[in-house]
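Enquirer: One structure is given below, represented as structure tokens, and several questions about it will come after.
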Amino acid sequence: MSRHSVGLILASLVVVAVQLDVLTRFRIAGVVVMLIWLWCFIVGLLSDLVPSLLVAASVGVLFDMHAATPFGLDVAVCLVCAYVGVRLGREGLGDLAGSAPWLSPLLGIAVAVGATLTFLLSGTVVADLSLWSNSVGSVIFVNAVAFAVLLRVATWGLRAVTEGRR
Amino acid sequence: MKPFSWTVNAIATPIGHVFAGVVNYSSVVHQNQELETEVGALRTQAGENAAAAQTLAQLETLLHLPFVGTAPTVVAQVVGGATTNFAATMTIDKGAANGVMNGMAVVGNGGLIGSVIQTTPHNAVVRLITDANSAVVVTFGAQSVTTLLSGRGANNALTVSNIPVTASLKVGETLVTSGAAGSELPSDIPVATVKSLAIAPGATSYSATVTPAANLSQTSYVDVVLWEPAA
């Protein structure tokens with residue numbers, strides 16, 4: 001197994017642990033920042049299709065095992081985020097450090113909106129309409145702001161872990 | 001002699017203090033550090049005492065829940081909140097090994113908090129009454145009108161709809177569990193208090209916005225009511 005894969009797996013496990021044990025306690029306006037969604041997008045942005053989807057599926061399953069929402073919804077969101085990340089990575093968007101300053105916040109906002117809507121649509125597919133509650137707007141807003149801030153930092157972190165550089 | 005003595009003292013005493021300060025500077029610094037450490041320890045202890053008093057108050061409240069009646073209960077500590085934005089749940093430190101089963105009522109802080117939806121041997125997940133998938137059969141008034149109270153997601157008020165216009169419900173009135181046949185919850189547990197009413201002209205029913213009777217955001221300890229509906 002390559003250094004890249006080992007780093008990816010270990011970092012993803014840490015991200016799931018942080019999501020479950022830290023972010024659920026430190027809510028912003030009552031909203032949990034869904035770092036695992038952003039993480040799967042970044043993994044897709046910087047990796048190939050197969051490892052990205054494997055990591056996304058694993059992260060989603062691990063998280064869904066601890067969530068009270070129908071099993072599989074976060075798996076679906078993580079897979080979609082990773083796939084979109086891979087497609088955008090192939091278009092050359094993975095090098096955020098060398099891109100225009102507005103690109104990473106814009107991508108972060110797009111990921112937050114897209115991931116939340118994917119989650120809700122997945123819930124609709126499994127006939128759970130209760131997910132469309134009044135707090136959807138605040139969930140999208142808080143995650144959009146958080147993702148806009150975190151995207152570049154998390155990308156740098158993943159590069160540092162998988163490529164061993166600072 | 002007195003004015004002279006006073007003048008000498010007025011001049012000599014500060015000078016003496018300065019010399020004493022210079023000579024004893026290191027011991028003063030050491031003493032100051034010790035005092036600061038002591039103050040820090042006392043502040044920590046005061047904080048711990050306040051936290052312990054709060055815990056004690058919550059546990060005492062749980063000991064005197066009049067609405068639980070004679071049903072056996074298990075005191076549990078809340079060890080986690082909801083992991084996602086789309087479910088209002090909490091995790092407690094008691095599970096199947098303590099007699100906790102799915103569907104059991106969880107009470108505390110003045111009323112119904114939710115019901116158990118998932119158990120492991122030593123933990124259980126509680127769905128709060130504010131969860132969008134939560135529905136509790138409640139009753140109110142002298143005529144014991146029964147209706148359904150639904151959650152609308154965390155941080156949102158609960159709603160009661162389809163209340164017949166013949167039923168009189170007032171703002172501030174408390175809704176309690178009905179305990180009707182088939183209900184998973186025992187009767188007479190306070191669930192929510194009416195906050196506002198919405199009546200459309202000519203309608204045959206109306207709805208109410210209610211707030212939970214229990215303080216769901218400040219809950220560290222809860223009681224699981226080990227009550228099962230009669231078969």
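Enquirer: If you roll a 1.4 angstrom probe over the protein chains with everything in place, what fraction of the accessible area of the range A:1-97 belongs to carbon and sulfur, to the nearest %?
Expert: The computed percentage sits at 68.
Enquirer: Once a ≥ b ≥ c are taken as the square roots of the eigenvalues of the Cα gyration tensor of the protein assembly as shown, is the result rounded (a/c under 1.5), prolate (a/b larger than b/c) or oblate (a/b not larger than b/c)? Spell out each step's value before the answer.
Expert: Working: a/c = 2.24, a/b = 1.18, b/c = 1.90.
It comes out oblate by the Cα gyration axes.
Enquirer: Assign unit charges at the C-beta atoms only (+1 for Lys and Arg, -1 for Asp and Glu), then state the dipole size of the range B:36-154 relative to its Cα centre in Debye, rounded to the nearest 20. If you can, show how the numbers build up before the last one.
Expert: Details: 4 positive and 6 negative charges, 97 e Å.
Dipole size: approximately 460 debye.
Enquirer: Dividing the convex hull volume of the alpha carbon atoms of chain B by its residue count, what do you get in Å³ per residue?
Expert: Numbers: hull volume 59.9 nm³, N = 231.
So the per-residue hull volume is 259 Å³.
Enquirer: Here is a follow-up. Explain nothing, just compute: Karplus ³J(HN,Hα) = 6.51 cos²θ - 1.76 cosθ + 1.60, θ = phi - 60°, for every residue of the range B:158-170 in order, whole Hz, x for Gly and Pro.
Expert: Using θ = phi - 60°, the values come out as 8, 10, 10, 10, 6, 7, x, 5, 6, 8, 8, 10, 10 Hz.
Enquirer: Which residue, chosen from B:Gly95, B:Val137, B:Thr119, occupies the Cα position most advanced towards the positive end of the dipole of chain B, where the dipole is computed from +1 (Lys, Arg) and -1 (Asp, Glu) charges on Cβ about the Cα centre?
Expert: After comparing all options, I get B:Val137.
Enquirer: Which of A:Ala154, A:Leu121, B:Met104 sits closest to the plus end of the dipole of the protein assembly as shown, meaning its Cα is farthest towards the positive end, when Lys and Arg get +1 and Asp and Glu get -1 on the C-beta?
Expert: A:Ala154
Enquirer: Might you report the magnitude of the Cβ-based charge dipole of the protein assembly as shown about its Cα centre, with Lys and Arg at +1 and Asp and Glu at -1, to the nearest 20 debye?
Expert: 840
Enquirer: Can you grab the distance from the C-alpha centre of the range B:121-181 to the C-alpha centre of the range B:199-231, Å, no decimals?
Expert: 4
Enquirer: Given R₀ = 22 Å, FRET efficiency for B:Ala57-B:Val79 by Cβ-Cβ distance, to 0.05?
Expert: It comes to 0.65.
Enquirer: Same structure, new question: Using +1 on the beta carbon of Lys and Arg, -1 on that of Asp and Glu, and nothing else charged, what's the dipole of chain A about the Cα centre, debye to 20?
Expert: Using Cβ point charges on Lys, Arg, Asp and Glu, chain A gives about 420 debye.
Enquirer: Over chain A, give the accessible area per residue in Å² for a 1.4 Å probe, as an integer.
Expert: Numbers: 7780 Å² over 166 residues.
Averaged over the residues of chain A, the accessible area is 47 Å².
Enquirer: Pop a pseudo-label 7 angstrom from the Cα along the beta-carbon direction at both A:Ser5 and A:Thr124 and give the gap in nm to one decimal.
Expert: Spacing of the two 7 Å Cα→Cβ label points: 3.9 nm.
Enquirer: If you take the accessible area of B alone, add that of A alone, and subtract the area of the pair, what total do you get in Å², probe 1.4 Å, to the nearest 100?
Expert: 1600
The values are calculated or read from the model by the stated rules, or taken from the named source; none is laboratory data. All values reported here derive from a predicted model rather than from experimental measurement. Virtual Cβ from ideal backbone geometry, glycine too; neighbours counted across all protein chains shown. Remember, those area values only see protein heavy atoms, side chains included, never the ligands or the DNA or RNA. Shrake-Rupley method; radii C 1.70, N 1.55, O 1.52, S 1.80 Å.
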